[in-house]
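Working notes, beginning with the structure itself.
Read the figures in this text as sums done on the coordinates, not as results from a lab. This structure is a prediction, so every number in the text was calculated from the model and none was measured. So basically every Cβ, Gly included, is an ideal-geometry build from the backbone, and we count neighbours across all protein chains shown.
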Amino acid sequence: MSEPRQARLAFVGCGGFTNASIFPCLPMSPRIEIVAVCDLVEEKARAASRYFNACPVYTDMHKMLDEIEVDGVFAIGPAPTQHEVAPQIMKRGIPVYVEKPSANTSKEALEMVKIAEDHGTWGQVGFMKRFAPAYMMAQNILRKPEFGPLNMLNCKWGQGAYPRIWGLDSAQRAFLIGQCCHLMDLIRYFGGDVATVQSLFREPPQNPADPHESTRCAYLTNVTFQSGVIGSLNLSNMETGSFRDLEEKLELISMDNVVTVHRVSHVNWRRGDEWDETPTNSGWYSYDYDSRGMSVRSSHAANGYVGEVQHFALRCLGEVDQGISGDLMDSVKSLQIGEAIYESAMNGGKIVEVKQG
């Protein structure tokens, strides 16, 4: 029996994020063959090539694509770079994987959608939380008849200072666009398209002793969904001293049922029914899953990176469709939610309708 074909994939952009989050997924993805790597800094491309059987190294993306046959390309870099590079690849009819968000603004992201459509191809965006087993488990619970229709969701995100990046006009906007777009996508993934937002904003008093004081802020947002579901989004970078010390929690509420996902590792389903006849008079019954107790746990798999990388390869091979992966239009909608939250917060918490596509 012949081995299944591997997807012939190339990298454009071999920087820090690619090395930290995407390259480690490839040994766990047997359906992928890396056939070329490209970076404007040749040393970065050569270092990456050593991981992949000394595959060809390029500093010119167009030369690489002229000489190497590929099924798809990882085009990873800052959002403005992705907005510049990914369309050039898609104009060749080649699928691309870009990181979140695909561009700095929803308008630019929508341009990328149109280019993909005009050239008969597609793009996947790195909303890896969709592939995190904890969130996949929560989605499976929501589809069970006994859970019932979703009525409300609450999402919380906390971290340390976040810098002004990508030429955006403020660190406060960068926090929403560069980081919290993950959470905008997550609430859409569970609640559907967002109709309106109403956001309060807090920036702490100036503290000259804190070198990060100008990058600290918090948004507290009420959300309505087109489906009628209501929710809240609590976003803060004032909670820890480290950029990478993260707090993440999603709560999904139907009638007499609550699913909570904490730190992408712990899932609790508090059920409406009682599964034991012992008279307790109080308390609730629940099912619990906690991957933190495992002796061997891949953070790349647990956070969803492995799943999204494997999915991109299989879709490039034509073996799966979009499925649960985020695409270029999902990036547009995530950015539109972030833009609406920023508009509301900077205008005294007014209710803002979220653009739809």
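Couple of notes before you dig in:
- The HN-Hα couplings worked out from phi for segment 152-166 by the Karplus form 6.51 cos²θ - 1.76 cosθ + 1.60 (θ = phi - 60°) are 8, 9, 10, 10, 10, 9, x, 7, x, 4, 10, x, 6, 10, 6 Hz, whole numbers, x standing for Gly and Pro.
- The stretch between ARG50 and MET152, if pulled fully straight at 0.36 nm per residue, gains 31.9 nm over its current Cα-Cα span.
- At full extension, ASP193 and VAL320 could sit 43.3 nm farther apart than now, given 0.36 nm per residue minus the alpha carbon distance.
- For segment 7-128, averaging the sequence separation of C-alpha pairs within contact (under 8 Å, six or more residues apart) and dividing by the residue count gives a relative contact order of 23 percent.
- Mean sequence separation of contacting Cα pairs (under 8 Å, at least six apart), scaled by the length of the chain, corresponds to a relative contact order of 21 percent.
- Nearest 10 degrees, 0 to 90: helix 133-142 Cα axis against the chain principal axis: 50
- Each principal axis of the Cα cloud of segment 7-128 was taken in turn, and the coordinate range along them, longest first, works out to 39, 28, 27 Å.
- Cα gyration tensor shape for segment 99-222, rounded if a/c is under 1.5, else prolate or oblate: oblate
- Selection among MET128, TYR97, VAL35 by position relative to the dipole of segment 7-128 gives MET128 as farthest towards the positive end (Cβ unit charges, Cα centre).
- Exposed-site-free run, longest, the chain (rule: GluC sites (Glu not before Pro); DSSP loop; at most 16 other C-beta within 10 Å): 147-238
- Annotation: extensible slack from ARG292 through GLU117 equals 58.8 nm (criterion: 0.36 nm per residue apart, minus Cα-Cα distance).
- Angle of helix 328-345 to the longest C-alpha principal axis of the chain, folded into 0 to 90 degrees and rounded to 10: 50°.
- Bridges between two residues of the chain, per DSSP, are antiparallel at a rate of about 65%.
- Around the amide H of ILE32, modelled in the peptide plane, lie the amide H atoms of ALA7, all under 5 Å away and 5 or more residues distant in sequence or on another chain.
- A Förster radius of 22 Å combined with the Cβ-Cβ distance from ASN222 to ARG164 puts the calculated FRET efficiency at roughly 0.25.
- Residues in segment 246-255 carry Karplus couplings, in order, of 10, 10, 9, 8, 10, 10, 10, 10, 10, 10 Hz; the curve used is 6.51 cos²θ - 1.76 cosθ + 1.60 with θ = phi - 60°, and Gly or Pro positions show x.
- For the chain, the longest principal axis of the C-alpha atoms and the axis of helix 106-118 are separated by about 50°.
- Charge tally in the Cβ shell below 14 Å around ASP327, where Lys, Arg are +1 and Asp, Glu are -1, ASP327 excluded: 0
- Normalised contact order of segment 210-357, rounded percent, pairs of Cα under 8 Å and 6 or more residues apart: 11
- Here each label is just a point 7 Å from Cα along the line to Cβ, and for GLU3 and ILE351 those points are 5.9 nm apart.
- 222 nm mean residue ellipticity, helices alone, for the chain (DSSP H n ≥ 4; -39,500 (n - 2.57); rounded to 500): -8000 deg cm²/dmol
- Euclidean distance between Cα centres, segment 234-262 to segment 104-127, Å: 29
- Tally of Lys pairs whose C-alpha atoms are under 12 Å apart, taken over the chain, 8 or more apart or cross-chain: 7
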